[in-house]
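Step one of this worksheet: look at the structure below.
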Number of protein chains: 2
Amino acid sequence: MSYKVAIVGATGEVGRAFLKVLEERNFPISELYLFASERSEGKTLTFKGESLKVQQLPSNPPAVDIALFSAGNSVSKEFAPLFVREGAIVIDNSSAFRLSPDVPLVVPEVNPDDVKEHMGIIANPNCSTIQMVVALWPIYKKVGIKAIVVSTYQSVSGAGSEAIEELKRQTGELLQNREITKSVFPRRIAMNVFPQVDSFDENLYTREELKMLFETRKIFHDPNIRVSATCVRVPVFYGHSEAINIHLGDNLSPNDAKELLSKAPSVIVADALDYPTPIDVAGKDEVFVGRIRRDMVFDPGLSMWVVADNIRKGAATNAVQIAELLHSLALV
Amino acid sequence: MSYKVAIVGATGEVGRAFLKVLEERNFPISELYLFASERSEGKTLTFKGESLKVQQLPSNPPAVDIALFSAGNSVSKEFAPLFVREGAIVIDNSSAFRLSPDVPLVVPEVNPDDVKEHMGIIANPNCSTIQMVVALWPIYKKVGIKAIVVSTYQSVSGAGSEAIEELKRQTGELLQNREITKSVFPRRIAMNVFPQVDSFDENLYTREELKMLFETRKIFHDPNIRVSATCVRVPVFYGHSEAINIHLGDNLSPNDAKELLSKAPSVIVADALDYPTPIDVAGKDEVFVGRIRRDMVFDPGLSMWVVADNIRKGAATNAVQIAELLHSLALV
């Protein structure tokens with residue numbers, strides 16, 4: 001069995017990672033369509049040594065089995081239903097459908113069975129949420145988690161290729177004492193940090209912070225879990241880091257948590273006084289956990305440091321894992 | 001009344017800030033001694049337009065009224081008692097004496113009366129602690145605070161001039177695709193972050209994180225307040241940022257907290273959807289607070305974002321304020 005696959009948003013950071021991950025994991029593909037905006041038409045991308053042309057996204061999409069979307073909310077809203085109408089299952093990396101009751105929001109290590117409920121669209125969660133729930137789910141299953149306080153250290157790649165360029169350009173300008181120009185981010189990112197990822201909601205939280213709350217509740221099937229997030233952009237190219245403090249439902253020692261996580265799928269636990277950093281995990285598919293220790297506020301509680309490549313496990317890899325899940329369950 | 005003042009560690013980041021802040025605030029000085037290690041002997045530093053020679057720290061220090069120390073724990077341990085013996089009050093920026101029961105640990109906006117109990121040495125708190133307690137004290141006084149969860153985004157200047165050089169050098173190496181060299185920090189800091197400030201304690205917390213716990217307890221005179229900190233180094237030159245979540249003793253709305261803080265000494269509150277960033281506060285003496293909002297975990301609780309210049313309010317300015325306090329209370 002092999003599939004007709006379309007990538008929508010193929011030239012973006014996540015789009016190109018889709019290609020790489022599909023190739024690395026040898027996902028069974030019979031035909032591959034690459035779509036992007038008009039601007040990118042005619043560009044070529046390489047898949048398994050073959051050059052493929054990027055086409056402008058047509059209003060009459062071809063019939064494919066699986067469409068991987070990462071082209072922003074408005075493209076997903078408009079085009080995902082058209083692909084579904086033609087018979088595709090859409091795995092959507094935007095936030096457009098994540099909280100829709102009839103759209104499963106899936107992290108394969110956590111809630112794989114939810115894919116079965118799909119009605120054409122399956123949503124890929126937010127990058128910061130994915131790495132957090134992969135690291136916390138084994139603990140949640142074992143002793144329960146009542147509350148999560150999380151502060152993020154998010155790389156610029158989450159905001160796309162232009163944001164990567166902005167960090168590079170501003171850093172050069174800074175080192176050369178030139179005027180620092182700004183076009184993507186609301187504040188200077190070179191040698192700076194700022195607590196705003198995505199736009200603000202009325203309650204003074206950013207949408208990114210609210211995603212971490214509402215998506216975690218949906219993925220864990222737990223409408224009562226509390227999540228208080230502060231999402232911060234840092235001058236790092238790839239890899240999001242998170243300082244996480246959790247209030248446990250029952251006792252779990254740092255050592256037991258470490259042992260539990262070291263057996264968990266897609267989790268790699270660092271040695272006692274070691275810890276992962278973004279540059280260590282860039283390009284990798286696992287979620288890296290370090291500094292597991294007893295929390296000083298929550299009792300029982302734990303603190304930990306969680307790092308993952310936001311473009312890989314935080315986006316492309318998770319989406320391809322969902323496709324693999326559909327394949328293995330014969331749902332596609 | 002004017003004073004004989006000595007600066008120990010005059011050529012370091014904080015030492016040079018001592019000079020600047022003493023000059024800016026026009027602290028009454030009759031004589032100024034600049035001491036540093038042998039390496040710096042013969043260097044000159046400018047104070048009020050005058051060139052002053054840096055001398056090697058002598059084992060027989062001169063009799064001064066006030067000695068401002070910022071030369072590390074071992075220098076403080078050895079030399080602070082010698083200066084005290086000669087009649088000085090030592091204001092010490094190292095962590096050597098901070099938790100000693102007979103040494104006041106003072107943030108003038110919080111516990112000014114504690115200076116009265118000094119026996120020759122007054123300790124200046126840790127930079128991350130100072131900015132946190134300045135921002136939280138008005139709230140603590142009003143409704144009480146039971147617990148604090150804090151994650152920091154700490155600039156490299158907290159680790160001294162060589163750390164600033166390391167960030168500059170590594171960033172240049174990175175942009176030019178050269179090999180990245182490392183000498184000060186345990187991990188690469190250019191375009192990276194890592195959760196280690198200071199060394200590790202047996203309980204898997206870093207000393208910086210434990211300082212935030214134990215120093216806050218001492219400054220607030222509250223042995224029961226809980227503080228769970230994760231201290232992280234980020235590629236920023238000056239200015240520490242903190243994501244803070246607090247569990248309140250009683251209700252306080254975000255608006256009331258904002259109003260309270262906007263009237264508090266040394267605190268500047270940002271407008272609703274605005275927020276301070278490290279590059280905005282570098283060189284300033286105040287503590288900047290933004291993103292005050294209802295916490296999603298603690299009830300009643302608040303979340304906020306607190307930024308200050310770690311070399312100024314986090315070190316030199318706070319020490320000079322302590323000297324001013326001694327002056328105004330006629331304790332020197």
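The values are calculated or read from the model by the stated rules, or taken from the named source; none is laboratory data. Every value quoted in this text rests on a predicted model; they were computed, and no experiment measured them. Neighbour counts run over all protein chains shown; Cβ positions are idealised from the backbone, glycine included.
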Name the residues in the range B:236-255 that are crowded, with 24+ Cβ neighbours inside 10 Å and either in contact with a Cys (Cβ under 8 Å, 6 or more places away or on another chain) or at the interface with chain A (Cβ under 7 Å from one of its Cβ atoms) (or both), would you? B:236, B:240, B:241, B:243, B:245
Reported set for the range B:6-35 where residues are buried (at least 23 other Cβ atoms within 10 Å of the Cβ) and under 17 Å from residue B:63 (Cα atoms) is B:6, B:7, B:8, B:34, B:35
Tell me whether the range A:209-217 contains one or more residues that are in contact with a Leu (Cβ under 9 Å, 6 or more places away or on another chain), charged (D, E, K, R) and under 30 Å from residue B:172 (Cα atoms). no
Taking residue B:96 and the conditions (1) in contact with a helix residue (DSSP H, G or I) (Cβ under 6 Å, 6 or more places away or on another chain); (2) part of a loop (DSSP other than H, G, I, E, B); (3) touching a residue at least 60 places away in the same chain (Cβ under 8 Å); (4) of a type outside the set (S, T, N, Q), which numbered condition does it fall short on, given that it satisfies the others? (3)
Mind listing whichever residues of the range B:145-166 are part of a helix (DSSP H, G or I) and either polar (S, T, N, Q) or buried (at least 21 other Cβ atoms within 10 Å of the Cβ) (or both)? B:156, B:157, B:158, B:161, B:166
Going residue by residue through the range B:101-115, is there one that turns out to be within 18 Å of residue B:15 (Cβ to Cβ) and assigned by TED's automatic domain parsing to the domain that holds residue B:320? no
When residues of the range B:55-113 are filtered for being surrounded by fewer than 21 Cβ atoms within 10 Å (Cβ to Cβ), more than 16 Å from the chain's Cα centre (by Cα) and within 22 Å of residue B:207 (Cα to Cα), how many remain? 7
Could you tell me which residue of the range B:167-189 is surrounded by the most Cβ atoms within 10 Å (Cβ to Cβ), considering only residues that are in contact (Cβ under 8 Å) with a residue 40 or more places away in the chain and out of contact with any strand residue (DSSP E or B) (no Cβ under 9 Å at 6 or more places or on another chain)? B:167
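Quick check: anything in the range A:245-256 part of a helix (DSSP H, G or I), at pLDDT 95 or above and touching a strand residue (DSSP E or B) at 6+ places or on another chain (Cβ under 8 Å)? Spell out how you get there, then give the answer.
Applying the first criterion (part of a helix (DSSP H, G or I)) to the range A:245-256 yields A:254-256.
So of that shortlist, the ones also at pLDDT 95 or above come out as A:254-256.
Going one step further and asking which of them are touching a strand residue (DSSP E or B) at 6+ places or on another chain (Cβ under 8 Å), we end up with A:254.
Yes: one or more hits.
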Complete set of residues in the range A:256-281 that are more than 10 Å from every other protein chain (Cβ to nearest Cβ) and either within 21 Å of the chain's Cα centre (by Cα) or not charged (D, E, K, R) (or both): A:257, A:260, A:261, A:262, A:264, A:265, A:266, A:267, A:268, A:269, A:270, A:281
Across (1) at pLDDT 95 or above; (2) over 21 Å from residue A:332 (Cα atoms); (3) surrounded by fewer than 17 Cβ atoms within 10 Å (Cβ to Cβ), residue A:39 clears everything bar (1)
Pick from the range B:187-230, criterion of a type in the set (Val, Ile, Thr) and assigned to a loop (DSSP other than H, G, I, E, B), ranking: farthest from the other protein chains (Cβ to nearest Cβ): B:197
Within the range B:202-231, how many residues turn out to be within 18 Å of residue A:245 (Cβ to Cβ) and more than 21 Å from the chain's Cα centre (by Cα)? 2
